[in-house]
Structure formats: C-alpha cells, structure tokens
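The values are calculated or read from the model by the stated rules, or taken from the named source; none is laboratory data. The model shown is predicted, which means the values in this text are computed figures rather than measured ones. In this analysis, Cβ positions are derived from the backbone assuming ideal geometry, glycine residues included, and neighbour counts consider all displayed protein chains.
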Amino acid sequence: MAELKKEPVDATPNVSDVETVDAATEAEAVAAIDAPVSQGEPILQVRNLVKHFPLTQGILFKKKVGAVKAVDGISFDLYAGETLGIVGESGCGKSTVAKLLMLLERATSGEVFYKGQDITKLSGRALKAVRRNIQMVFQDPYTSLNPRMTVGDIIGETYEIHPEVAPRGSRRQKVQELLDVVGLNPEYINRYPHQFSGGQRQRIGIARGLALNPEIIICDEPVSALDVSVQAQVINLMEKLQDEFNLSYLFIAHDLSIVRHISDRVGVMYLGKMAEIGTDTQIYDHPTHPYTQALLSAVPVPDPSAREGRERIILTGDVPSPANPPSGCRFRTRCWKAEERCATEMPLLAIPERFVKTGGGAAHESACHFAEEKDVVHAA
C-alpha cells in the first residue's frame, strides 16, 4: 500500500485576518475613548511613569554613559471635572510629565490610562482620538503662537487635522465663537499675534485648546509669564470655562498661591518623584512631607500678624543632579530629618500608618519615613 505524503501546514496567519482583528481592536479603543465619563470618576490614571533621557559620549560612535532621570516612577489619578495641581521647583520634572501625557515625548516605561486605554501603546485612529480629547495650554504665549499666522489660522488649523469636529463651511464662525468665549473680540480673527498683549495671546492659546471640545486640558504654567493683574483674569477665565465645558485640568505651576486657588487636589514633585499628594486643604493646612513644609514656609503672607509667629524653613545644599540622584529618598541630602534608613530605603507614596489610625487632614499620601504634621504658616 502506497504511503500517503503529509502536506506541510502553513501556520502563518492570513494578513487580511490580522488586519481585521487590528481594525476591530482599534474601533473598540476609539469607542471607549469617545465614551462619556461620569463626574468624579477617574478619567486619567498614571502608573509608574518613567522618562529617562540618555547621556552619551563620542561623535561617530556614541556610547551611553548614563541617563537624566527626569521622571522616575510617578503615579496619580485625574478625576472628571477636577483640577489637579502639580507644584515643585524648576527641574523637578513637571513639564516632562505634561509632554508625556500629551505624547510629545515617549515614556521609557509606565502606563497612562485614559478611560481604560493605555495611550502609550495606541496608534492610528485611537491615538488621534486621544490627541483630540487631551489638549494643552503652553507656558509662553509669545513663542507658542506662529507669528506668520493669523488668529483665525492658528485656531482653525486644528480643524484641518480633525475635520469631523467642524465642517469646512462653518470653521470661521466656530473660531469667532471661540474668541468670544475667551473674552476677545471676534473681529480680531484676521489679526496677527504681535498685535495682542501677553494676556490676550494666552487667551488665544486657551481658545486653541478648546477648539476640539477636549475633556482634559494640560496647563503648563499658563500664567507664569503674565503680569499679576492679568494672571487673575486668566485664572478666573479658566475656572469659568471649566464649569461651562466640564473640563478636567492638570495645572502645572510653581506659584503655590495660584495652585491653591484653582486646584481641588495638589501633588508636590521633587527630583522626578511625587513627594506628597492630597486635597488642597490637606496639603496646605496639614503638610506632612518636609519638602512641602519648606515650600509653604516660603510663600509670602500678606497679614503682618501672621508673619510674626512664622517659622521659615531654610533648606541647605543644592538640588542634586537628576543624572545622579541620591540613593533612597531623593530629598534626604537637604532634609533635617534624614537618618540612615533614608539612604538605604526608598519611601513609598502612601498614607503614613500613624495617620491611618488617627485620620484627619494629615491622612493623605506622603513619601517620607518620618512624616509628621507640621504647623506651617501657609498661603491664605
């Protein structure tokens, strides 16, 4: 009897089948991204986010010799309709966090969940949908606007990328409506950026951020380049817009007074790490991390009677290099409470055990082995 020959089985999946699965997965991601979120639910969840910039030597043959640890494992949640303030000294990684959330920089590791979708792994239509729903207001109103483009072109350019938001015939009217919403004359649509003041330019930047009807706006020090009187106007405008459009803000700044005024919760960053996070009342009235206490002690207090009993905490030493951060606790080289444990063990961002039992305003997350509530005269 003749032996039957077995034909080899091709285990390679059909290309069309793979494309169908990918398209279906992408469609599911887009549907999840466009789904509404109830007030008070997490809309953005950041988990162990890391961004290291490599340091290299050589010209022709580059060799990696280290890394600048700009962001080194931070986690936080942003809830629908709230404002989360991020504060810290220059160079602590605040703006890098903003770029990572906007996907202007790719994370070294970690996850960023937007409505349950890890945006660090998205591409195609799903990524485009995320970019539509997460917008940014930049720090410098002078360099963030193209001087060769009119206001109408600057704001309307977003509709060229996302034409589904505004049909071509209605874009001019849409731009004029946005100018009116941010307090500018709609007739200014054909003017150029150099014809506006700093405060007006920032309003144009805010209008551009609102153009695609986003759910989250990341504000990277949006008022630090403005005069104090103009700062108040822009902050009041942002609060009004938040109520009107149900926006969630990630508000990055170094001015603690402004952050308390606008924020529901506040996170304090130091050298790429989150040192403390809680509600505005918990952070300002019941700080438990030494770094937060030092920052608050430097905030100017207008009341002379309050200044009399104020303790000013002066930090010694320089901020360490993010390319060579200290072992253990990042703040230990400048901390008056530092002990041997601080050099060998990294403190976790958690509610200190002593405050879990007692509760109160001090019961919030703090990355310190010796966290204790300290009466610091804070910004009113």
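Filter the stretch 322-343 down to the residues that are more than 26 Å from the chain's Cα centre (by Cα) and of a type in the set (Phe, Trp, Tyr) and list them by number.
Scanning the stretch 322-343 gives a single hit, Trp336.
State all residues of the stretch 236-268 that are under 26 Å from Leu212 (Cα atoms) and assigned to a helix (DSSP H, G or I); if no residue qualifies, say none.
Asn236, Leu237, Met238, Glu239, Lys240, Leu241, Gln242, Asp243, Glu244, Phe245, Val259, Ile262 - these are the residues of the stretch 236-268 that are under 26 Å from Leu212 (Cα atoms) and assigned to a helix (DSSP H, G or I).
Would you pick out the residues in the stretch 323-380 that are of a type in the set (Phe, Trp, Tyr) and in a loop (DSSP other than H, G, I, E, B)?
First, pick out the residues of the stretch 323-380 that are of a type in the set (Phe, Trp, Tyr): 331, 336, 355, 370.
Across the stretch 323-380, the qualifying residues are Phe331, Trp336, Phe370.
Give the number of residues within the stretch 206-235 that are buried (at least 22 other Cβ atoms within 10 Å of the Cβ), part of a helix (DSSP H, G or I), within 18 Å of the chain's Cα centre (by Cα) and among the β-branched types (Val, Ile, Thr).
1
Report, by residue number, each residue of the stretch 103-120 that is closer than 22 Å to Pro36 by Cβ and either in contact (Cβ under 8 Å) with a residue 40 or more places away in the chain or in a strand (DSSP E or B) (or both).
Val112, Phe113, Tyr114, Lys115, Gly116, Gln117, Asp118
What's the number of the only condition in (1) free of Cβ contacts under 8 Å to residues at least 24 places away in the same chain; (2) within 29 Å of His162 (Cα to Cα) that Phe53 fails to meet?
Going through the list (1) free of Cβ contacts under 8 Å to residues at least 24 places away in the same chain; (2) within 29 Å of His162 (Cα to Cα), Phe53 breaks only (2).
Which residue is farthest from the chain's Cα centre (by Cα), if the candidates are limited to the stretch 299-321 and must be aliphatic (A, V, I, L, M) and surrounded by 12 or more Cβ atoms within 10 Å (Cβ to Cβ)?
Initially, the stretch 299-321 is screened for residues aliphatic (A, V, I, L, M), giving 299, 301, 306, 313-315, 319.
Going one step further and asking which of them are surrounded by 12 or more Cβ atoms within 10 Å (Cβ to Cβ), we end up with 299, 301, 306, 313, 315, 319.
On the way: Val299: 23, Val301: 28, Ala306: 33, Ile313: 28, Leu315: 27, Val319: 22 Å.
So, considering only residues that are aliphatic (A, V, I, L, M) and surrounded by 12 or more Cβ atoms within 10 Å (Cβ to Cβ), the one farthest from the chain's Cα centre (by Cα) is Ala306.
Just wondering, is there one or more residues in the stretch 204-226 that are over 26 Å from His52 (Cα atoms), β-branched (Val, Ile, Thr), out of contact with any His (no Cβ under 8 Å at 6 or more places or on another chain) and modelled with pLDDT of 95 or more?
Taking the stretch 204-226 first, the residues over 26 Å from His52 (Cα atoms) are 204-215, 223-226.
From what is left, the residues that are β-branched (Val, Ile, Thr) are 204, 206, 223.
Of the ones still in play, those that are also out of contact with any His (no Cβ under 8 Å at 6 or more places or on another chain) are 204, 206, 223.
Add one more test, that the residue is modelled with pLDDT of 95 or more, and what stays is 204, 206.
Yes, because at least one residue in the stretch 204-226 is over 26 Å from His52 (Cα atoms), β-branched (Val, Ile, Thr), out of contact with any His (no Cβ under 8 Å at 6 or more places or on another chain) and modelled with pLDDT of 95 or more.
Taking Asn190 and the conditions (1) over 28 Å from Glu28 (Cα atoms); (2) surrounded by 21 or more Cβ atoms within 10 Å (Cβ to Cβ), which numbered condition does it fall short on, given that it satisfies the others?
(2)
Yes or no, residue by residue, for (1) within 15 Å of Leu349 (Cβ to Cβ); (2) of a type in the set (A, V, I, L, M); (3) not in a strand (DSSP E or B):
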| residue | (1), (2), (3) |
| --- | --- |
| Ile43 | no, yes, no |
| Arg47 | yes, no, no |
| Ile59 | no, yes, yes |
| Lys64 | no, no, no |
| Ala67 | no, yes, no |
| Ala70 | no, yes, no |
| Gly73 | yes, no, no |
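Across the stretch 174-205, what is the total count of residues that are hydroxyl-bearing (Ser, Thr, Tyr) and not in a helix (DSSP H, G or I)? Walk me through how you get there before you give the answer.
Residues of the stretch 174-205 hydroxyl-bearing (Ser, Thr, Tyr): 188, 192, 197.
So of that shortlist, the ones also not in a helix (DSSP H, G or I) come out as 192, 197.
Residues meeting the conditions: 2.
Could you look through the stretch 327-342, keep only residues that are touching a helix residue (DSSP H, G or I) at 6+ places or on another chain (Cβ under 6 Å), on the phi < 0 side of the Ramachandran plot and not basic (Lys, Arg), and pick out the one that is surrounded by the most Cβ atoms within 10 Å (Cβ to Cβ)?
Only one residue fits best here, namely Cys329.
Out of the residues in the stretch 46-82 that are in contact with a Ser or Thr (Cβ under 8 Å, 6 or more places away or on another chain) and either polar (S, T, N, Q) or loosely packed, with under 14 Cβ neighbours inside 10 Å (or both), state the one that is modelled with the lowest pLDDT.
Lys62
Give all pairs with beta carbons closer than 6 Å in which a residue from the stretch 298-321 that is at positive phi meets a residue that is among the polar types (S, T, N, Q); count only pairs at least 6 apart in sequence or on separate chains.
What qualifies is Gly317/Thr333.
Looking only at residues that are more than 14 Å from Gly73 (Cβ to Cβ) and not hydrophobic (A, V, I, L, M, F, W, C) in the stretch 343-355, which one is surrounded by the most Cβ atoms within 10 Å (Cβ to Cβ)?
Among those that are more than 14 Å from Gly73 (Cβ to Cβ) and not hydrophobic (A, V, I, L, M, F, W, C), it is Pro352.
Any residue in the stretch 83-97 that's more than 16 Å from Phe251 (Cβ to Cβ): show its pairings with residues that are of a type in the set (A, V, I, L, M) and assigned to a loop (DSSP other than H, G, I, E, B) at Cβ separation under 7 Å, as long as the two are six or more apart or on different chains.
Pairs that qualify, where the first residue is more than 16 Å from Phe251 (Cβ to Cβ) and the partner is of a type in the set (A, V, I, L, M) and assigned to a loop (DSSP other than H, G, I, E, B), are Glu89/Val319; Gly91/Val319.
Quick one: in the stretch 83-101, which of the residues that are aliphatic (A, V, I, L, M) and part of a strand (DSSP E or B) is surrounded by the fewest Cβ atoms within 10 Å (Cβ to Cβ)? Quick ask: steps written out before the conclusion?
At the first step, the residues of the stretch 83-101 found to be aliphatic (A, V, I, L, M) are 84, 86-87, 97-98, 100-101.
Narrowing the set further to residues that are part of a strand (DSSP E or B) leaves 84, 86-87.
Working: Leu84: 21, Ile86: 29, Val87: 26.
By that ranking, first place goes to Leu84.
Going through the stretch 356-380 one residue at a time, which ones are buried (at least 16 other Cβ atoms within 10 Å of the Cβ), farther than 21 Å from Arg312 by Cα and modelled with pLDDT under 90?
Hit for the stretch 356-380 is Gly361, nothing else.
Has the stretch 129-147 got any residue that is free of Cβ contacts under 8 Å to residues at least 40 places away in the same chain, more than 14 Å from the chain's Cα centre (by Cα) and within 29 Å of Gln195 (Cα to Cα)?
Yes, there is a match, as at least one residue in the stretch 129-147 is free of Cβ contacts under 8 Å to residues at least 40 places away in the same chain, more than 14 Å from the chain's Cα centre (by Cα) and within 29 Å of Gln195 (Cα to Cα).
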